[in-house]
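A short worksheet on the structure shown next.
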Amino acid sequence: MERIQAIADRLWGEDHDFAMEEVLNEIGYFRGESYHTVNECAGEDMAENCFFDNFTAYAELVRSTCMETLEDCYWNDKPFDCCRYFQPMETELGLCYAVNSLQTSAKVPIKLNMISNKHTGPGKLTITVLTEAYVYTIGEEEVPNLITPKSDVLLVDHYIAYKRHISIKDIENDPEAKQVSVSQRKCRFPDENNLNVHRFYSYSACSVQCRKDKQIKICNCTSHLMPNTGNIITLFIA
């Protein structure tokens, strides 16, 4: 909340209506509910500093950059450049930073060698998170989203050390499975993408697409954080 207070001071001065900080918080970290935004900026008695468009720009003001989020990154006790390998990823939760993901928006994806097997032994990733944040442990083609299982998400707070052990089970498909049509096998490989929210197909990316399609059908617009949407149909308040 310190960052949001600083942004609000910059936008509206130190004597602003503090309820607008809650509005900024909802816009920047939108999770499908807008109690404060509706309460302060709808109806006849609206707060003085309400805004009704360009939500994406306000969200970008609120969100932290990679440099403001991560430092001291190590893989097996060897340091690496956090923000070279944790690359930006647009999600329906806003901008995230991901290592070794297929879904990042980086023009030049870079992968960190994080191989762990019976020869190398267990790998260890160590990072310092500078802000309160949610840390997701998901597959390379998956994306953080509104319905990510809680078991895959760790809430990280200031001044606390967290340790999480992860066991991975690799699933290998028969090489001939790709010769069977999608309609017959009733599943898709990541490169058989028919979605427009993310570059590769996955169950989580598909669920985001379903929410986007339903938002457009019901409201004729989408959440301002919905990835790969553009300006024409993003949410506004009227």
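Please treat every number below as a calculation from the coordinates, not as lab data. Remember, it's a predicted structure, so these values are computed and weren't measured experimentally. Cβ placement follows ideal geometry from the backbone for every residue including glycine, while neighbour counts extend to all protein chains displayed.
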> the chain: longest stretch without exposed chymotrypsin sites (Phe, Trp or Tyr not before Pro) (DSSP loop, at most 14 other Cβ within 10 Å), sites themselves excluded?
Replying inline: 53-158
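What is the magnitude of the charge dipole of the chain about its Cα centre, with +1 placed on the Cβ of each Lys and Arg, -1 on the Cβ of each Asp and Glu, and no other charges, expressed in debye to the nearest 20?
Details: 23 positive and 35 negative charges, 316 e Å.
It works out to roughly 1520 debye.
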> Within the chain, which cysteines find no other Cys whose Cβ is under 4.7 angstrom from their own?
Replying inline: 96, 187, 206, 210, 219, 221
>> Pairwise over distinct Cα atoms, reciprocal of the mean inverse distance: report the Kirkwood radius of region 1-98 in Å, one decimal place.
In response: 15.2
> How large is ³J(HN,Hα) for each residue in region 162-173, as worked out from phi by the Karplus curve 6.51 cos²θ - 1.76 cosθ + 1.60 (θ = phi - 60°), to whole Hz, x for Gly and Pro?
Replying inline: 10, 10, 10, 9, 10, 10, 10, 10, 7, 10, 10, 8
>> Using the Kirkwood formula on the Cα atoms of the chain, what hydrodynamic radius do you get, in angstrom to one decimal?
In response: 20.2
> By how many nm would the segment from residue 189 to residue 80 lengthen if fully extended, with 0.36 nm per residue of separation less the alpha-carbon distance?
Replying inline: 36.1 nm
> What residue among 89, 184, 167 has its Cα farthest toward the positive end of the dipole of the chain, where the charges are +1 on Lys, Arg and -1 on Asp, Glu, each on the Cβ?
Replying inline: 184
> Cα atoms only, region 134-238: Rg and Dmax in Å?
Replying inline: 17.4, 53
> What aspartates and glutamates sit close enough to residue 212 to cross-link, taking a C-alpha to C-alpha distance under 18 Å and skipping anything fewer than 8 places away on the same chain?
Replying inline: 33, 90, 92, 142
>> Quick check: the angle from helix 19-28's long axis to the longest principal axis of the chain, C-alpha only, nearest 10 degrees?
In response: 30
> What does the charge count near residue 121 come to, summing +1 for each Lys or Arg and -1 for each Asp or Glu among other residues with Cβ under 15 Å from its Cβ?
Replying inline: +2
